[in-house]
1. Between L156 and R118, what is the label-to-label distance in nm when each label sits 7 Å out along the Cα-to-Cβ direction?
2. Only loop residues by DSSP count here, and only those with at most 12 other Cβ atoms within 10 Å; note down the trypsin sites (Lys or Arg not before Pro) in region 195-264 that meet that.
3. Residue by residue through region 48-58, which ³J(HN,Hα) values in whole Hz follow from phi under the Karplus form 6.51 cos²θ - 1.76 cosθ + 1.60 (θ = phi - 60°), with glycine and proline marked x?
4. Compute the distance in nm between two label points, each set 7 Å from the Cα along the Cα-to-Cβ direction, one at N227 and one at R334.
5. So, with +1 on the Cβ of K and R and -1 on the Cβ of D and E, and no other charges, what is the size of the charge dipole of the chain about its Cα centre, to the nearest 20 debye?
6. Assigning unit charges at the beta carbon (Lys, Arg +1; Asp, Glu -1) and nothing else, what dipole magnitude in debye, to the nearest 20, does region 18-86 show about its Cα centre?
7. Among A15, A357, A106, which one shows the biggest mean-square fluctuation in a GNM of the chain, springs joining Cα atoms closer than 10 Å?
8. For the residue pair S66 and R125, what label-to-label distance in nm results when each label sits 7 Å from Cα along the Cα-to-beta-carbon direction?
Amino acid sequence: MLSSAHHADVVIVGAGVSGLAAAQHLIAQGVTVTVLESADDPGGRMATESADGFRLDRVGQLLNTSYTEPARTPGLEALTLRTFAPGVLVHGADGRQQRAGALTPARALASGSLDQARLSAALARLAAQPEERLLARPERTALAALTSRGLPPRTLNGVLRPLLAALLRDPDLTTSSRVADLALRGFARGRLAVPEGGAATLPALLAAALPPGTVRTGVRVRSVATNLVTTEQHGDFGCRSAVLATGARAAAGLLPGLRVPDFHEVTVLHHATPAALPWDGSLLLDADPKWPVAHTTVMSAVDPTRAPAGRSLVTTTVHGPPPPPRTVASRLARLYETSTRDWELLAVHHTPEAVPAMPPPYDMRRPVRVLAGLYVCGDHRDSNTVQGALHSARRAAAAVLRDFGIPVPAATEHPLRAAA
Ligand SMILES: Cc1cc2nc3c(=O)[nH]c(=O)nc-3n(C[C@H](O)[C@H](O)[C@H](O)COP(=O)(O)OP(=O)(O)OC[C@H]3O[C@@H](n4cnc5c(N)ncnc54)[C@H](O)[C@@H]3O)c2cc1C
């Protein structure tokens, strides 16, 4: 069944941030687009639930103010990023907490810590490197590269390992050392941040800025060809080009031959406290490998819109399957130095295939053009981040425009709001 109502220049499969961003770039150049999404809402992995006045991210992404793509994506002009306190707070295996990555080398030295000064100097050097230079370095696993750099164990195991694990969602640091260097460079150049109102705000802004009717939810795509997209229950959609913007596994299901990567597994737990918890908005990393917590924060101190007045929302990330709630509660009591007996566990979100793994050798610019009329984007074509998903979308849209004979506009940037 093919009707004119079911036709667009480009049909995009998947309304995660990459599909929505690709739609934005194409529509900005006068191309007609339909986005088909199997779920009831757009957003994909960037989902947020509401519960009793709390805003609970399903996956708790950490963004960075140094991400360049949000500012280059039409529709995100109203995005406000809520920043964490500078650097990170690290809870060491010895039970002591120290802030890392927040000071200039001179200030760190003045504070009397040689380790901190060395770390700040190393981060400052990375921040100053052009991306191409880091991408030309020899490539191995992040762990192999870190251990070969002669860092003192306090810096290596006490700061860099938990920091990189958090940035890469990879506790074993099997990720490419080039990707790891870029992640550290981004950390050193910007501030960790979350979208105000929850992760879902970002795709919601993208979807709201598209012409009405562009995104069709509850439509599962069954097969994709260059000029025809068939769905399970909503007929066929004719098009001049199709863009696959699903996650990696779904993309390989629709386009056999696409590589299915390994994935990292993540669990996010949300606790509500009965009274507001004093906290400065730091991201607290747990550097003690005996415990399952990777990092935790009082999310409502970073973004006050996420909890009702007088209460706090504590968001905790575990790299792996859900641990027993009692284990997490007892570790959080130690990390926050407070009793967690009255804390209420609001949600446990487990995502077995959270992000594609990026082992070496890793190509961060995987092709997005399969053939003229068929394209693929998403975090598995770039880095496994929101930045990577958005960047792959811009690359895929540019490839479509080129094949249509439409000039590809130079990337323009709008300012983004960052609120402390
Ligand atoms: C637990 C977790 C933690 C993360 N942490 C971070 C972080 O700290 N920093 C960071 O930058 N990023 C992080 N990410 C990664 C980030 O969320 C993703 O890179 C990004 O959201 C991917 O967007 P996407 O559009 O490529 O894919 P998705 O969001 O997966 O969107 C794909 C869409 O396609 C739809 N779809 C699939 N199959 C079909 C079909 N047959 N028909 C129609 N629709 C279909 C899906 O329903 C989905 O909506 C994290 C992700 C997870 C899960």
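1. Using points 7 Å along Cα→Cβ, the separation is 1.0 nm.
2. On the way: sites: R216, R220, R222, R240, R249, R259; in loops: R220, R259.
Sparse-neighbourhood loop trypsin sites (Lys or Arg not before Pro): R259.
3. Ordered by residue, 3J(HN,Hα) equals 9, 9, 9, 8, 6, x, 9, 10, 10, 5, 5 Hz.
4. Using points 7 Å along Cα→Cβ, the separation is 6.5 nm.
5. On the way: 42 positive and 35 negative charges, 206 e Å.
The calculated dipole for the chain is roughly 1000 debye.
6. Details: 5 positive and 8 negative charges, 52 e Å.
Magnitude of the dipole: close to 260 debye.
7. The residue that fluctuates most here is A106.
8. In this crude spin-label approximation the distance works out to 1.5 nm.
Values in this text are rule-based calculations from the coordinates and carry no lab data. What you see is a predicted model; the values in this text were computed from it and never measured. Reconstructed Cβ throughout: ideal geometry from the backbone, glycine too, with neighbour counts over all protein chains shown.
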